[in-house]
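> Sharing a structure with you now.
The values are calculated or read from the model by the stated rules, or taken from the named source; none is laboratory data. These numbers were taken from a predicted model, which means no experiment stands behind them. Every residue, glycine among them, receives a Cβ derived from its backbone with ideal geometry; neighbour counts consider all protein chains shown.
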Amino acid sequence: MSINAVQEEIIEEFALLDGDMEMTVFYIMELGQKLPPFPESERTDENIVKGCQSKVWLTASLEGNKIQFKADSNTAITKGLVSLLVRIFNGQLPDDVLNSELYFMRRIGMERFIGTQRSNGFASMVKQMKIYALAMKTKLEVNL
Amino acid sequence: MVPNATQTGIQVDSLRQEFPVLHQKVNGRDLIYFDNAATSQKPTSVIKALTDYYDGYNANIHRGIHTLAEKATRAYEDTRLAAQQFIHAGHPEEIIFTRGVTEGVNLVASSYGKTFVTAGDEIIVSALEHHSNIVPWQFVCEAKGASLRVIPVSDEGVLDIDAFKELLNTKTKIVAVNHASNSLGTINPIREIIRLAHEVGAVVLIDGAQAAAHLDVDVQELDCDFYAVSAHKMYGPTGTGFLYGKKHLLEAMPPYQGGGEMIREVTFAKTTYNDLPYKFEAGTPNIADVIALRYAMEFIQRLGKENIAAHEHDLLQYATERVSAIKGIRLVGTAPEKVSVLSFVVDGIHPFDIGQMLDARGIAVRTGHHCTQPLMDRLGIEGTVRASFAVYNTKKEIDALVEGLERVVGFMKQA
């Protein structure tokens, strides 16, 4: 499934909540709880995304030529948000991650209630994921 | 249904009509504003004072000879007289307008600190301080080779006065503490702190940010040397406030900033400075907001600080009982004397998540370290959820907070 197809899927799911903020927040937290457990050995300062108000750990690896992210956060809502990013980007080609444009946040009305500081945190997460994608792309090219 | 009028005579329902911002929906629900320790809302009299000034007599003050300038100057100086009366200062020139407590502390640190503190001296703050009453003193210590000492705090959030006595000595030059803690609400025994500090010859600055809207302040009776206030935490506009300083101290202090207004005569060879308070008010001040501040003080005086304190105490007591009864919630800061601040943590749930979930229900609280990181480190927590009450809050709103918290805790527990 393409990055934009996953975004459309997410937009459809959130549309069912009908703009109810409390339900939206609960749903985001539920999504976070479904993230696979984050390996304790990788819960290091090095893997913390800078620029987030809450703590977010993020790692990336390659499976074949596709990228795989693992993430975690110490706050439930941020974990839910990063889980959406993991869902969108996992199994994609590094180039597609690099060239992606994320529009789902705006479409599901999240910008409205996610404070500026956390929005910046969200931007930092996306930026870190793209940096990983660039690193993976380089790695693939060197191996070739 | 819980009645909204307390025994104190504060008629909350009609009072709320004076605050336009309170009457709106947030995320589909009635706004409940419990972030008053960060900034309080403004009554229409304050808002109207701002628009009246810009609509009717906007002019630069003090040097103008035309009618508008005189009117603006008079209104500006009327606020100084009102501030003098508000904190019972002896002289109007002991009131220096600032941007707020942060600038007040920086003014004293910069001017008094850099003049009268020397290498080896000591400055004492408390473990309850806001960063704005820590960092300016660190600047002084760094610049002068002085050291910063800290009055410790108990797990309940009470300052250890015996330890303070131990810290005091002839090298102590400045003691800077808050009247009430922004994170925990603790009201500090400043009268005793001031007396003890004076015994060793130190001067005392009181950060009154969390006290001015809630407690009666009499700077002469307290005998404090400096008292700093922020307007926006006491129903006034943002970007202004005032610093009280004893006249003889202010006179001995060099100017803080250079510019217009603060000078008597300028030549390239030498500049002489204006008298108090203008020596410390360089440049065109925040005229409109200073003028509007008088209406905030009038608002408080009309209600009566005793009535405000009684109403808020009632709310705090009710909230303390109801919130602490929720399973999994632990109150942070349980000092016997508190202003209307309720800080708490919830087992296994990050404060950010609580804040975000309450916001989804239209309830505004603050989460995080509240600019008191050393205090949070001391208490071994990352931050708290803080609900802080003002005179326009009601028990019904506290019920809604409790309902929201129960729902959040319930949701997280089942997850």
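Yes/no matrix, rows are residues, columns are (1) surrounded by fewer than 21 Cβ atoms within 10 Å (Cβ to Cβ); (2) in a helix (DSSP H, G or I):
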position: B:MET357; (1), (2): no, yes
position: B:CYS371; (1), (2): yes, no
position: B:MET376; (1), (2): yes, yes
position: B:VAL391; (1), (2): no, no
position: B:ILE398; (1), (2): no, yes
position: B:LEU405; (1), (2): no, yes
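> Tell me which helices (runs of 4 or more DSSP H) are completely within segment B:1-115 and hold 2 or more residues being free of Cβ contacts under 8 Å to residues at least 24 places away in the same chain, under 27 Å from B:ARG386 (Cα atoms) and away from every other protein chain (no Cβ under 14 Å), or say none if there are none.
Numbers: elements: B:12-16, B:44-52, B:67-86, B:101-107.
Because the criterion is at least 2 residues that are free of Cβ contacts under 8 Å to residues at least 24 places away in the same chain, under 27 Å from B:ARG386 (Cα atoms) and away from every other protein chain (no Cβ under 14 Å), the helices (runs of 4 or more DSSP H) in segment B:1-115 that meet it are B:12-16.
> I've got another one for you. Identify all residues within segment A:60-72 that are in contact with a Leu (Cβ under 8 Å, 6 or more places away or on another chain) and in contact (Cβ under 8 Å) with a residue 24 or more places away in the chain; write none if there are none.
Of all residues in segment A:60-72, those in contact with a Leu (Cβ under 8 Å, 6 or more places away or on another chain) come to A:62, A:65-72.
Within segment A:60-72, A:LEU62, A:ASN65, A:LYS66, A:ILE67, A:PHE69, A:LYS70, A:ALA71, A:ASP72 qualify.
> Across segment B:272-309, which residue is modelled with the highest pLDDT among those that are acidic (Asp, Glu) and surrounded by fewer than 19 Cβ atoms within 10 Å (Cβ to Cβ)?
Ranking the candidates gives B:GLU298 first.
> I've got another one for you. Check segment B:377-384 and report whether any residue there is closer than 30 Å to B:PHE299 by Cβ and in contact (Cβ under 8 Å) with a residue 40 or more places away in the chain.
At the first step, the residues of segment B:377-384 found to be closer than 30 Å to B:PHE299 by Cβ are B:384.
Within this subset, residues satisfying the condition of being in contact (Cβ under 8 Å) with a residue 40 or more places away in the chain are B:384.
Yes, there is a match, as at least one residue in segment B:377-384 is closer than 30 Å to B:PHE299 by Cβ and in contact (Cβ under 8 Å) with a residue 40 or more places away in the chain.
> Do the conditions hold for B:VAL409, that is, is it touching a Pro at 6+ places or on another chain (Cβ under 7 Å) and farther than 21 Å from B:MET234 by Cα?
Values: touching a Pro at 6+ places or on another chain (Cβ under 7 Å): no; farther than 21 Å from B:MET234 by Cα: yes.
Here the answer is no, as B:VAL409 does not meet what is asked.
> Does B:PRO3 satisfy being on the phi < 0 side of the Ramachandran plot and at pLDDT 95 or above?
Working: on the phi < 0 side of the Ramachandran plot: yes; at pLDDT 95 or above: no.
No, not satisfied.
> Moving to a separate point now. Has segment B:389-411 got any residue that is out of contact with any Gly (no Cβ under 7 Å at 6 or more places or on another chain), within 19 Å of B:THR186 (Cβ to Cβ) and not β-branched (Val, Ile, Thr)? Please lay out each step first, then the result.
Narrowing segment B:389-411 to residues out of contact with any Gly (no Cβ under 7 Å at 6 or more places or on another chain): B:389-408, B:410-411.
So of that shortlist, the ones also within 19 Å of B:THR186 (Cβ to Cβ) come out as B:389-390.
Still in the running and not β-branched (Val, Ile, Thr): B:389-390.
Taking every residue of segment B:389-411 in turn, at least one turns out to be out of contact with any Gly (no Cβ under 7 Å at 6 or more places or on another chain), within 19 Å of B:THR186 (Cβ to Cβ) and not β-branched (Val, Ile, Thr).
> Given the criterion touching a Phe, Trp or Tyr at 6+ places or on another chain (Cβ under 7 Å), at pLDDT 95 or above, buried (at least 18 other Cβ atoms within 10 Å of the Cβ) and more than 14 Å from every other protein chain (Cβ to nearest Cβ), identify the matching residue among B:VAL341, B:VAL365, B:VAL332. I'd like the intermediate steps shown before the answer.
Working: B:VAL341 fails: touching a Phe, Trp or Tyr at 6+ places or on another chain (Cβ under 7 Å); B:VAL365 fails: more than 14 Å from every other protein chain (Cβ to nearest Cβ).
Result of the check over B:VAL341, B:VAL365, B:VAL332: B:VAL332.
> Which one is nearest to the other protein chains (Cβ to nearest Cβ) among residues in segment A:9-40 that are among the charged types (D, E, K, R) and either touching a Phe, Trp or Tyr at 6+ places or on another chain (Cβ under 6 Å) or on the phi < 0 side of the Ramachandran plot (or both)? Walk me through how you get there before you give the answer.
First, pick out the residues of segment A:9-40 that are among the charged types (D, E, K, R): A:9, A:12-13, A:18, A:20, A:22, A:30, A:34, A:40.
Next, from what is left, pick out any that are either touching a Phe, Trp or Tyr at 6+ places or on another chain (Cβ under 6 Å) or on the phi < 0 side of the Ramachandran plot (or both): A:9, A:12-13, A:20, A:22, A:30, A:34, A:40.
Working: A:GLU9: 23, A:GLU12: 21, A:GLU13: 18, A:ASP20: 7, A:GLU22: 4, A:GLU30: 7, A:LYS34: 11, A:GLU40: 18 Å.
If we take residues in segment A:9-40 being among the charged types (D, E, K, R) and either touching a Phe, Trp or Tyr at 6+ places or on another chain (Cβ under 6 Å) or on the phi < 0 side of the Ramachandran plot (or both), then A:GLU22 is nearest to the other protein chains (Cβ to nearest Cβ).
> Let me ask you something else. Mind checking which residues of segment B:18-55 are aromatic (Phe, Trp, Tyr) and over 18 Å from the mean Cα position of the chain (by Cα)? Please lay out each step first, then the result.
At the first step, the residues of segment B:18-55 found to be aromatic (Phe, Trp, Tyr) are B:19, B:33-34, B:53-54.
Residues satisfying the conditions are B:PHE19, B:TYR53, B:TYR54.
> Is it fair to say B:ALA387 is surrounded by fewer than 22 Cβ atoms within 10 Å (Cβ to Cβ), within 27 Å of the chain's Cα centre (by Cα) and either aliphatic (A, V, I, L, M) or not assigned by TED's automatic domain parsing to the domain that holds B:ALA211 (or both)?
On the way: surrounded by fewer than 22 Cβ atoms within 10 Å (Cβ to Cβ): no; within 27 Å of the chain's Cα centre (by Cα): yes; either aliphatic (A, V, I, L, M) or not assigned by TED's automatic domain parsing to the domain that holds B:ALA211 (or both): yes.
Here the answer is no, as B:ALA387 does not meet what is asked.
> Among the residues of segment A:23-38, is any out of contact with any Cys (no Cβ under 6 Å at 6 or more places or on another chain), without any contact (Cβ under 8 Å) to a residue 40 or more places away in the chain, surrounded by 19 or more Cβ atoms within 10 Å (Cβ to Cβ) and under 26 Å from B:GLY404 (Cα atoms)?
Yes, segment A:23-38 contains at least one residue that is out of contact with any Cys (no Cβ under 6 Å at 6 or more places or on another chain), without any contact (Cβ under 8 Å) to a residue 40 or more places away in the chain, surrounded by 19 or more Cβ atoms within 10 Å (Cβ to Cβ) and under 26 Å from B:GLY404 (Cα atoms).
> Right, another one. Please indicate, with yes or no, whether at least one residue in segment B:344-354 is under 22 Å from the mean Cα position of the chain (by Cα) and of a type outside the set (A, V, I, L, M, F, W, C).
The initial filter retains those residues of segment B:344-354 that are under 22 Å from the mean Cα position of the chain (by Cα), namely B:344.
Then keep just the ones that are of a type outside the set (A, V, I, L, M, F, W, C); that gives none.
No: segment B:344-354 contains no residue that is under 22 Å from the mean Cα position of the chain (by Cα) and of a type outside the set (A, V, I, L, M, F, W, C).
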